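To start, the structure itself, in structure tokens.
Here, each number is a calculation from the coordinates, and none is a lab measurement. Treat the numbers as computed from the prediction; the structure is a model and nothing was measured. Here Cβ is always computed from backbone atoms with ideal geometry, including for glycine, and neighbour counts include all displayed protein chains.
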Amino acid sequence: MFAVVPNPIPARMKGLNRAEICDVNFQEFVRGWDGDTQAKPSPGESILDGSALDAQGFCELFESQLISRHLDLMARVLRVQNKVFYTIGSSGHEGNAMVARLTRRTDPAFLHYRSGAFMAERFRKLPAHAGQKLDPIMDSALSFAASAEDPASGGRHKVWGSKPLWVLPQTSTIASHLPKALGTAVAIDHARRIGHALPIPDDSIAICSFGDASSNHATAQTAFNAAAWTAYQKLPAPVLYVCEDNGIGISVKTPDGWVARNFRDRADLDYFYADGLDLAAGYGQVQAADEHCRRIRRPTFLHLRTTRIMGHAGTDFEIEWRNIEELCAVEASDPLLRSAAIALESGAMTKDGILALYETTRKKCFAAAEDADSRPRITTLEEVMRPLAPYTPDRVKAEAERADYADRRVAVFGGEAKLPEKQPAKHLAIQINQALHDLFCKYPETLLFGEDVAQKGGVYTVTKGLHKAFGNKRVFNTLLDETIILGLAQGYANMGMLPMPEIQYLAYFHNACDQIRGEAASLQFFSNGQYRNPMVMRIASLGYQRGFGGHFHNDNSITALRDIPGLVVGCPSRGDDAATMLRTMMALAKVDGRVCAFLEPIALYMVKDLYEAGDGLWLTGYPSPEQAMTLGEGRVYGKGDDLVIFSFGNGVPMSLRAARIIEKKHGWRTRVVDLRWLVPLNETFIREQAASAKRILIVDEGRRSAGVGEGIITAIVEGGYGARPFQRVVGADTFTPLAGAAFLVIPSDDDIVAAADMLERG
């Protein structure tokens, strides 16, 4: 059993360096152990009577635990010397090595930051790689040292990750990874239904570990709810949620019994408990959870008992806020003490053998750290950013223009004569719809999902007919939860599919922004390009909806999207542009793994006319399948240089109408520039258009603060054209009210003309 806290507590145990105390505790415990010893078991025998764990398995798990512990101790020492960074440790959580042993190397794993033992154990499942066994100690040391040779992130973050081990790097594990773990589990079984070849075995499961405090997070709760919702409908979702319960979150204690009370009887989330502090007892319990999840294909909640030794992180001096009696009690529950006792009681190891392994492991860790410290680190901005936003223009262009699916198009559209390019000009909503049908013909791995997108065809009928044409396996409704929609998208992307999640309104994206900011868009960066989340996220966006106002349906703020590194954001204003832009976005996702946001101006969906009723000038023909739009390519209306108007989305037709009036009023030859691509802004193109301009107007339907217009002005000024007279027509810094009041908030044709008048007055 565990060590007993001495009473009175020795002076040594009252020291400030808890890492050193835990180190000494282990050695003293082994030397002082005086229990009965059994005959040494054979490798295949149970380590203790009644245990599901055999002796060989125990010895390997124990070694993985020791590796994890000494990595923590090494990090604590070297952190003081500024040789390693981000020293959040795994001490007390070493029982998660059992999860690694019982699952497969090809089971995608989204890990808690206290997963040192899990990683050490999973390495055992990796065959010799290029003639050389990979080393969990060296790999970890390189990560700790932020070395450019770190195989997980290339020195960008201390993360648990490995491409050959199918551990997808997580930069923060405060629940944000739970939705995509569920999405990955759903995707594993969904792939079979659409005939998609998985990169992993068909009977794989997804593993996701997190802490007891994180289980209370809103993102965790939405994942659990969605998992249960999925199971309730008898849809396979083999995700093993591992709650590593150490009873505390930084400094806030989890109430005793809370995790069990909260999850034990939750419908459609199958609960299992395992003692992560005791390898002999816990192994069979973990085994039962793994087998259940893999066989039944249902969401499974494994409540793994752990403890937290040495504080939350290297900078957490618990002695400053926790009493010494409590600290000593925690340290007495150290799972390594129990593992040592099992080793001795079973006869599997001797005292000298344990201590020798302990010191040998210590030396390996410090030697690896010294080696890692000598390896190169990232020294240039180019190196930092290399995996952030990969772009291979020639390959993307070739893929976007690929049109080798003619037969499928003819079948879907109902004959040659009914192909969209042979039809009269149509409005934006129809052309987006046609483009989606096209892309579904081109990419059999494409899925479209969200709220109301299937039978109904979306709130604005943009997805009408897709469900009928391609079936419920590829076009389907989700529960009303944007976080889960984007989590599903990441899961499908992880499994090699091309998801097209729909967010019903731009305002709703903000509910789930971190799924793109913190997860999808960051994965290539923090995995050094080894993993990717290709997707095209469609969002009904922006203002100007007459008769259907209010903030939630007229959100004109895209600031949150513009601020996400690596994200591609496009916003077409007309139907033909929408089609060619979508083709390029899908190619960017397919070829370069990019995360793209396609903003659809709601108010322009059904618009037919430009200048006056019945002119039909905002209808466009459908571009043939081999046509695509280059990333960053804008559209220019007119050749005038007396006034150049930069805009996008709804601002484009407004600017064209205003330009007519301005030309008549002031005699200025005018040019209107539709940027089309909002992230990244094509600064070269902007400067080229500004270079010949005598005057400049920026029409930005977003808000004054942090809008696209600020980026346009910056590009112009930094290009050396800041002396040109200019005005900015922009939305107000307010939420959008109802009814006619909405049009007091966002720019109008008259506002553009008024801005030109101000330029004329000088």
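Can you put Asp577, Asp54, Asp352, Asp72 in order, fewest other beta carbons within 10 Å first? Provide the component values of the computation, followed by the final result.
On the way: Asp577 22, Asp54 17, Asp352 10, Asp72 26.
With the sparsest Cβ surroundings first, the list reads Asp352, Asp54, Asp577, Asp72.
Counting other Cβ atoms within 10 Å, which chymotrypsin sites (Phe, Trp or Tyr not before Pro) in the stretch 552-618 have at most 12 and lie in a DSSP loop?
Working: sites: Phe552, Phe598, Tyr605, Tyr611, Trp618; in loops: Tyr605, Tyr611, Trp618.
Here the sparse-neighbourhood loop sites are Tyr611.
Using the alpha carbon gyration tensor of the stretch 625-762, what are the three equivalent-ellipsoid semi-axes (square root of 5 times each eigenvalue), largest first, in whole Å? If you can, show how the numbers build up before the last one.
Working: eigenvalues 92, 75, 48 Å².
So the equivalent ellipsoid measures 21, 19, 15 Å along its semi-axes.
Charges at C-beta only: +1 for Lys and Arg, -1 for Asp and Glu. How large is the resulting dipole of the chain about its Cα centre, in Debye rounded to 20? Present the calculation step by step, with values, prior to reporting the outcome.
Numbers: 84 positive and 90 negative charges, 351 e Å.
Here the chain has a charge dipole of around 1680 debye.
Can you tell me, using C-alpha contacts under 8 Å and at least 6 residues apart, the relative contact order of the stretch 164-267 as a whole percent? All intermediate terms of the calculation are to be shown ahead of the outcome.
Details: 113 pairs, mean separation 32.2, N = 104.
Result for the stretch 164-267 is 31 percent.
For the stretch 374-523, what is the largest minus smallest coordinate of the Cα atoms on each principal axis, given in angstrom and ordered from greatest to least?
67, 38, 28
Which is the longest run of the chain containing none of the GluC sites (Glu not before Pro) found in DSSP loop states (not H, G, I, E, B) with at most 13 other C-beta atoms within 10 Å? Don't jump to the answer; show the numbers that get you there.
Numbers: sites that count: Glu612, Glu626.
Counting only loop sites that pass the neighbour cut-off, the longest clear stretch is 1-611.
Quick one: Ser692, Ser214, Ser573, fewest Cβ neighbours within 10 Å first, how do they rank?
Values: Ser692 12, Ser214 21, Ser573 25.
Placing the least packed residue first, the sequence is Ser692, Ser214, Ser573.
Defining a contact as two alpha carbons under 8 Å apart and six or more residues distant in sequence, what relative contact order in percent does the stretch 635-761 show? Each step should come with its number before you reach the end.
Details: 222 pairs, mean separation 35.0, N = 127.
Rounded, it is 28 percent for the stretch 635-761.
Just rank Lys125, Lys364, Lys665, fewest to most, by other beta-carbon atoms within 10 angstrom. Before the final figure, lay out the partial values.
On the way: Lys125 16, Lys364 19, Lys665 12.
Lowest count first: Lys665, Lys125, Lys364.
State the antiparallel share, in %, of DSSP beta bridges confined to the chain, rounding to the nearest 5. The partial results should precede the final answer.
Values: 12 of 66 bridges.
Of those bridges, close to 20 percent are antiparallel.
What is the sum of charges, Lys and Arg at +1 and Asp and Glu at -1, for the other residues whose Cβ falls under 11 Å from the Cβ of Gly347? Display every interim value, and only then the final one.
Numbers: positive: Lys40; negative: Asp36, Glu45, Glu345.
Net local charge, Gly347 excluded: -2.
Within the stretch 266-366, list the chymotrypsin sites (Phe, Trp or Tyr not before Pro) lying in a DSSP loop whose Cβ has at most 10 other Cβ atoms in a 10 Å radius. Write down the numbers at each step before the final one.
Working: sites: Tyr271, Phe272, Tyr273, Tyr283, Phe301, Phe317, Trp321, Tyr358, Phe366; in loops: Phe317, Trp321.
Counting only loop positions with at most 10 other Cβ atoms within 10 Å, the chymotrypsin sites (Phe, Trp or Tyr not before Pro) in the stretch 266-366 are Trp321.
Kindly provide the helix-only [θ] at 222 nm of the chain, computed as the sum of -39,500 (n - 2.57) over DSSP H runs of four or more divided by all residues, to the nearest 500 deg cm²/dmol? Provide the component values of the computation, followed by the final result.
Details: 26 runs with 297 residues, N = 762.
Mean residue ellipticity, 222 nm, calculated: -12000 deg cm²/dmol.
Give me the Kirkwood hydrodynamic radius of the stretch 236-323 in Å, from all C-alpha pairs, to one decimal place? Display every interim value, and only then the final one.
Details: mean 1/r = 0.0698 Å⁻¹.
After inverting the mean inverse Cα-Cα distance, the result is 14.3 Å.
Could you check how many percent of all C-alpha pairs in the stretch 11-385 are farther apart than 38 Å? Show your work: numbers first, answer last.
Working: 10805 of 70125 pairs.
In whole percent, the long-distance tail amounts to 15.
Where Lys and Arg each count +1 and Asp and Glu each count -1, what net charge lies around Ala231 among other residues with Cβ under 10 Å from its Cβ? If you can, show how the numbers build up before the last one.
Numbers: positive: Lys234, Arg297, Arg298; negative: Asp268, Asp270.
Once positives and negatives cancel, what remains is +1.
Relative contact order of the chain, please, whole-number percent, based on alpha carbon pairs below 8 angstrom and at least 6 residues apart.
Values: 1633 pairs, mean separation 90.5, N = 762.
The normalised contact order for the chain reaches 12 percent.
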